[in-house]
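I have placed the structure first, in the form of structure tokens, so that the comments after it can refer back to it.
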Number of protein chains: 2
Amino acid sequence: MINIAIIGYGNLGRGVEQAIKQQTDMTLVGVFTRRDPQTIQTEGAPAFTLEEALKRKNEIDVCILCGGSATDLPEQTPAFTAHFNTVDSFDTHAEIPNHFKRVDEIAQANGTVSVISSGWDPGLFSLNRLYAQAILPQGETQTFWGKGVSQGHSDALRRIEGISDATQYTIPNEDIIARLRNGEKLELTTRDKHLRQCFIVLTEGADAEGITETIKTMPNYFADYDTEVTIISQEELNLHHKGMPHGGTVLHTGVTNGSTKQVIEYRLALEHNAEFTASVLVAYARAAARLSSEGHQGAYTVFDIAPKYLSAASVESLRKELL
Amino acid sequence: MINIAIIGYGNLGRGVEQAIKQQTDMTLVGVFTRRDPQTIQTEGAPAFTLEEALKRKNEIDVCILCGGSATDLPEQTPAFTAHFNTVDSFDTHAEIPNHFKRVDEIAQANGTVSVISSGWDPGLFSLNRLYAQAILPQGETQTFWGKGVSQGHSDALRRIEGISDATQYTIPNEDIIARLRNGEKLELTTRDKHLRQCFIVLTEGADAEGITETIKTMPNYFADYDTEVTIISQEELNLHHKGMPHGGTVLHTGVTNGSTKQVIEYRLALEHNAEFTASVLVAYARAAARLSSEGHQGAYTVFDIAPKYLSAASVESLRKELL
């Protein structure tokens, strides 16, 4: 059995707790949190303080780090990798090379394995970009996201004065996807690929027209997109827009022999983003445990890990059943 | 540079010759054939006898074996792996474990690397079945093939008396795919998943009705499917049905947290089956060369090979650009 510790218990940590229940070769040691463990309502797992993890070092094979990329993981991944095999979902794209370097040095020095930037993007989408481009180097890869809730954009809406609550959906342009699939060559702008749909709840007396204009012209977040704004009640937002759907498409349109069209497409349709991301982290936790038990050490990404390490099945059975 | 030899020059060998032209880190040593090399029309590559390969052993890093699974590869893969790193597309499913074992023994004994059963199914589809099931163990995976030409079924048609030429398309049931995508639980029969479309050319005086009945009731090939038979002229067959389109879908419908639907889909739409398969073999030839140069030996499948080995780019650049 592989003994897992969950570090941080937000949406992602909860998803990991659920995902481990589906795995036959894993046990959950517990949830380790910055908060008072007494206040944590888990789905059965014992809760401990963060400090308690080190005391239970011998009981833990892999720590799954469930904090955020902005402030938690840049500190937690190096700190935990000094003592444990770790898996994180670090997704601040521009910082990945630095994060990898820092974590690799610590893992090498301490004989641990750390799988960084796991999940679906970065993660499964990255894998599909790599496989597609390696196989069809003469081609174009486009990634589309959604339909899904963007937490960052929803947060940006909530910071606008006069908005009390909001949900933002990123919507891929399916017409463009269909045209690429058919082999059309397109020069795509940001506006062509996605549109942004905002459902907002206003505070009393707020200026609906002014706020709509503020949203549509907001640099970085909305100005470069076609943006739809819909004003709804808090009740309606609660009823229909508090889910976490997401997903997307990696579409690679390549050619062989000069002009023969070959299309590779990978698509995720997720009812719950965090639960799915958690399921990916759990599979890579298995890989971390196995790599470590084989005597490997250092930082890894999804690119460095042979697929067999993710599966609970033996490689003989994989060859027989899945090849 | 990685120096490649093509062993066998049918559709697949031709595809490999084209695919290598797209790779910046590979050179083609030549085409090695059982036929008289003088009679081989390549797209520029020199042609040699099979025996010549051994004499040029020092010039060759990887042999890509382009023969068929029925009789060529069971002999050629072991024979060539005794002297060279090799890649094959062995696809006789029930024989894969034996083929692996035989090739592994020879590769281990001779210090070579052999990647067997590469291509898209087995190959990329296998990878996607593995990733999906490892991540969402509570779920169902279905593989659909087509729309595409089945050589085996086309050959079976041509063996029927009264048929002078034929093309058979395997067509996936897109309605079923759409229902699975939406999370429906379905018990599927062979007939539900695919239909078979036959375009046949009759010899003069052949009994159209009798032949149609013979096709539709042919065990193993057509009896378990809804089969459409269309009689056309040789000219029309030549004009519209001599291509090699293929593709398909691996659809995994899983759940997290009891009932949250999560769908993973991988789809290939290929204008030319052999050229695409060849492109996959070429990427795995790169992996074979690298594994060998790192001192590894033995038989490998797509499950055993970390994605980074397929790409010409450095792992630093992959982390920066594709993760």
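The residues in the stretch A:259-275 that are more than 7 Å from every other protein chain (Cβ to nearest Cβ) and either at pLDDT below 95 or over 24 Å from A:SER150 (Cβ atoms) (or both) can be counted, and the count is 1. When residues in the stretch B:37-56 are screened for being in contact (Cβ under 8 Å) with a residue 12 or more places away in the chain and open to solvent by 80 Å² or more (accessible area, probe 1.4 Å), 2 of them pass.
With respect to the conditions (1) aliphatic (A, V, I, L, M); (2) over 30 Å from B:GLY210 (Cβ atoms); (3) in a helix (DSSP H, G or I); (4) in contact (Cβ under 8 Å) with a residue 24 or more places away in the chain, B:LEU157 lacks only one, and its number is (2). Of the set (1) surrounded by 13 or more Cβ atoms within 10 Å (Cβ to Cβ); (2) at pLDDT 95 or above, all apply to B:TYR221 but (2). Between B:THR301, B:THR256, the distinction of being crowded, with 21+ Cβ neighbours inside 10 Å, facing another protein chain (nearest Cβ under 7 Å) and touching an Asp or Glu at 6+ places or on another chain (Cβ under 7 Å) belongs to B:THR256 only. For the stretch B:67-91, a tally of residues being over 18 Å from A:VAL315 (Cα atoms) and open to solvent by 50 Å² or more (accessible area, probe 1.4 Å) returns 5. Just to be sure, is B:LEU291 in contact with a strand residue (DSSP E or B) (Cβ under 7 Å, 6 or more places away or on another chain) and more than 8 Å from chain A (Cβ to nearest Cβ)? Answer is yes for this residue.
Of the residues making up the stretch A:201-246, just one is under 26 Å from A:THR189 (Cα atoms) and basic (Lys, Arg), namely A:LYS216. For the stretch A:304-323, the set of residues classified as open to solvent by 20 Å² or more (accessible area, probe 1.4 Å) and assigned to a helix (DSSP H, G or I) consists of A:ASP304, A:LYS308, A:TYR309, A:VAL315, A:GLU316, A:SER317, A:ARG319, A:LYS320, A:GLU321, listed by residue number.
When B:ALA166, B:ALA156 are checked against the criterion of being touching a Leu at 6+ places or on another chain (Cβ under 6 Å), away from chain A (no Cβ under 14 Å) and more than 30 Å from A:ALA19 (Cα to Cα), B:ALA166 stands alone in meeting it.
The values are calculated or read from the model by the stated rules, or taken from the named source; none is laboratory data. Everything numeric here is computed off the predicted structure, so don't read it as measured data. Heads up, the Cβs are rebuilt from the backbone with ideal geometry, glycines too, and the neighbour counts pull from every protein chain shown. We work out accessible area using only protein heavy atoms, side chains counted, and drop any ligands, DNA or RNA first. Shrake-Rupley method; radii C 1.70, N 1.55, O 1.52, S 1.80 Å.
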